[in-house]
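Written below as structure tokens is the structure these notes are about.
What follows is calculated from the coordinates using simple rules that are stated; it is not laboratory data. Only a predicted model underlies this, so the values are computations on that prediction, with no experimental measurement involved. Here the Cβ positions follow ideal geometry from the backbone for every residue, glycine too, while neighbour counts run over all protein chains shown.
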Amino acid sequence: MASLALRALRKTYPNGTTAVHDISLQVADGEFVVLVGPSGCGKSTTLRMIAGLEEITSGQLLIGDEDVTDRPPAQRGLAMVFQSYALYPHMTVAQNMGFALKLAGLDTLAVRAKVEHAANVLQIGPLLARTPRELSGGQRQRVAIGRAIVREPGVFLFDEPLSNLDAALRGQMRLEMARLHQALGATIVYVTHDQVEAMTLGSRIAVFNGGRIEQVGAPLALYHRPATRFVAEFLGSPTMNFLPVRHDGHALLSSAAPDALLPWPAPAPAGELVLGLRPEHLPPAADGAEGTAQLTLQVEHREHLGDLVIAHGRLGDGRTPLTVKALAAQAGHLLPGARVRLRPDLQHAVLFDAQGRALPRPA
Ligand SMILES: Nc1ncnc2c1ncn2[C@@H]1O[C@H](COP(=O)(O)OP(=O)(O)O)[C@@H](O)[C@H]1O
Ligand SMILES: [Mg+2]
């Protein structure tokens, strides 16, 4: 296995589009790093530069201690798994998995041993004699991963490997990816636009926005301490609520919720700010709880998900939407038509400046 260092990597395509702007990222040996962001933000371009499939316009790429910036793909010691599997249709699973080894001149017995080992790890041993046509989508995906495993690369690169699968299978394969990482102890760089995959798989996540890395960190660190409004909004479902506010020196005042009480004992700049409140941090206010943070919600609609309730409504101004998430057993107050007092948990709130940068919290 190997570590990876991206140093100010830039990609400008021949048509003049700069898809990646000088990004730097360090991936430790054995780490599972997820590159996540909306479509078109430069994730695949970054992965393809690492793989050597796309020329690096400027910057430097290191695998282990070696500068591989100008090295051809085959000499970088990594393996890439694509969304589209790209299996050879006329070959069996075993032949597909062993093909690269055979090309490299390994003898038949050695190829077979490596293929069988990888097939065991992926639990596709019984499928080795089949052709891709005789496999389900999830099984094909496993063969594509197996083809990468047999090469024992220093680094695995995955580009949206699960996005062609249906939701149930995607959940199952997500678990398998995590298990695979544990079993192999492999260094993995994994690209997805799916925040759930990013949150559940990554030891660290790099959130991309417009060809730049917005923030890098452990999934829960990003969830609870987003550096920017973009990161806060991208992670979490339903998405974070945003309230326009101003700071009067002690508390936050909002034109969207004139009756709100939002103590904020921390310095904050004058002018328009935005308060971010996650839907799960809005429990009901207890009667007579004087002085605690409060917010009134006019509930309009509720979704019952069995264990959870998600309620949608509007704040005091009758316009600004707010979403609340609660355990079903604790959601009796969230009825359509009800006017409810909520107690926003400001310990978990994030205050953003006009540029969308997170401000320091109260101590
Ligand atoms: N071969 C190319 N030539 C020109 N522009 C490209 C090429 N490939 C991708 N792009 C552009 O680069 C940007 C990033 O693309 P990409 O890395 O594929 O994003 P992502 O994988 O995050 O969806 C997009 O604006 C895309 O249109
Ligand atoms: Mg892509």
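Remark: C-alpha extents of the chain on the principal axes read 79, 45, 36 Å, sorted largest to smallest.
From helices alone, the chain scores -7000 deg cm²/dmol at 222 nm; the rule is -39500 (n - 2.57) for each run of n ≥ 4 DSSP H residues, then divide by the residue total. Take the Cβ atoms of Asp287 and His90, set R0 to 56 Å, and the FRET efficiency comes out at 0.20. Positive end of the dipole of segment 20-68 (Cβ unit charges, origin at the Cα centre): among Leu53, Val20, Gly37, the Cα lying farthest that way belongs to Gly37. About its Cα centre, the dipole of segment 272-363 is roughly 60 debye, where the only charges are +1 on Lys and Arg Cβ and -1 on Asp and Glu Cβ. In segment 76-113, which residues have a backbone nitrogen under 11 Å from the label point lying 7 Å from Arg130's Cα in the Cα-to-Cβ direction? Correct set: 93. Take every pair of alpha-carbon atoms less than 8 Å apart whose residues are at least six positions apart; their mean separation over the length of segment 237-352 yields a relative contact order of 29 percent.
Which FRET efficiency, nearest 0.05, do Arg212 and Phe82 yield, Cβ-Cβ r, R0 22 Å? Intermediate values should be presented prior to the final figure.
Numbers: r = 24 Å, r/R0 = 1.11.
Efficiency computed from Cβ-Cβ geometry: 0.35.
In debye to the nearest 20, how big a dipole does the chain give about its Cα centre with +1 on each Lys and Arg Cβ and -1 on each Asp and Glu Cβ? Kindly include the intermediate steps, with their values, before the conclusion.
Working: 34 positive and 33 negative charges, 112 e Å.
Dipole size: approximately 540 debye.
Of Leu277, Leu162, Leu127, the residue with the greatest mean-square motion in the GNM of the chain, using alpha carbon springs below 10 Å, is Leu127. Computed on the chain, with alpha-carbon pairs under 8 angstrom and 6+ residues apart, the relative contact order is 15 percent. Couplings 3J(HN,Hα) of segment 200-216, computed from phi: 8, 9, x, 6, 9, 10, 10, 8, 9, 8, x, x, 10, 8, 7, 6, 10 Hz, in residue order, whole Hz [Karplus 6.51 cos²θ - 1.76 cosθ + 1.60, θ = phi - 60°; x for Gly and Pro].
Per residue, the Cα convex hull of segment 292-363 amounts to 122 Å³.
Going toward the positive end of the dipole of segment 4-233, with +1 on Lys and Arg Cβ and -1 on Asp and Glu Cβ, which of Tyr223, Gly154, Ala94 do you reach last? After comparing all options, I get Ala94. The calculated FRET efficiency for the pair His250 and Asp317, based on their C-beta separation and a Förster distance of 30 Å, comes to about 0.85. Under a 5 Å amide H cut-off, with hydrogens placed 1.01 Å from N, Phe158 pairs with Val81, Val189, Tyr190, Val191 among residues at least 5 apart or on other chains. Each of Gln139, Gly202, Ala178 was scored by the projection of its Cα onto the charge dipole of segment 4-233, and the greatest displacement toward the positive side belongs to Gln139; charges sit on the C-beta of Lys, Arg, Asp and Glu.
In order along segment 325-331, phi translates into HN-Hα couplings of 10, 8, 4, 3, 5, 10, 10 Hz, rounded to whole numbers, per the Karplus curve 6.51 cos²θ - 1.76 cosθ + 1.60 with θ = phi - 60° and x for Gly and Pro.
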